[in-house]
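The values are calculated or read from the model by the stated rules, or taken from the named source; none is laboratory data. If you're wondering where the values come from, they're calculated on a predicted model, not measured in any experiment. Neighbour counts are summed over all protein chains in view; Cβ atoms, including those assigned to glycine, are modelled from backbone coordinates with ideal geometry. Ligands, DNA and RNA are excluded from the accessible area calculation, which covers all protein heavy atoms including side chains. Shrake-Rupley method; radii C 1.70, N 1.55, O 1.52, S 1.80 Å.
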Amino acid sequence: MAKVTSKYQVTVPRTIAEKYHIRPGDEIDWVAAGEAIRVIPPGKQAAPDDRESRLRLFDQATERHRKRPSVRKGTQPRDRGWSREDLYGRGRSR
């Protein structure tokens with residue numbers, strides 16, 4: 001997690017900088033994205049905010065999500081010492 005300094009500066013983590021080819025002196029863009037902030041690396045442009053662009057980005061994200069390996073596939077649930085039913089009754093007077 002990066003920390004904001006008193007001068008409102010943020011250090012880009014090395015792994016992120018290397019992955020996106022961010023070098024000292026590069027200019028990056030900061031774009032408000034609802035409740036989040038998108039950082040646009042150098043040489044890239046922020047996606048237009050029109051409907052088709054948002055749908056294309058959504059489709060790309062959906063495809064990336066489909067390609068991710070499923071954690072639950074073929075695995076048994078962990079024994080946490082409690083069950084879902086235990087949580088439902090928790091805090092309720094009986």
| said: Considering only the stretch 60-78, I want to know if a residue exists there that is among the polar types (S, T, N, Q) and within 15 Å of the chain's Cα centre (by Cα). | reply: yes
| request: Of the numbered conditions (1) assigned to a strand (DSSP E or B); (2) surrounded by fewer than 11 Cβ atoms within 10 Å (Cβ to Cβ), VAL39 fails exactly one; give the number of that condition. | output: (2)
| query | Any idea which of (1) surrounded by 10 or more Cβ atoms within 10 Å (Cβ to Cβ); (2) assigned to a strand (DSSP E or B) is the one ALA32 doesn't satisfy? | reply | (1)
| Identity of the residue in the stretch 4-21, assigned to a loop (DSSP other than H, G, I, E, B) and modelled with pLDDT of 90 or more, that ends up most open to solvent (accessible area, probe 1.4 Å) | TYR8
| note | Of the residues in the stretch 47-92, those that are open to solvent by 100 Å² or more (accessible area, probe 1.4 Å), under 30 Å from TRP30 (Cβ atoms) and at pLDDT below 80 come to ASP49
| task | Within the stretch 31-60, track down each residue that is among the small types (Gly, Ala, Ser) and farther than 21 Å from ALA17 by Cβ. | result | ALA32, GLY34, ALA47, SER53
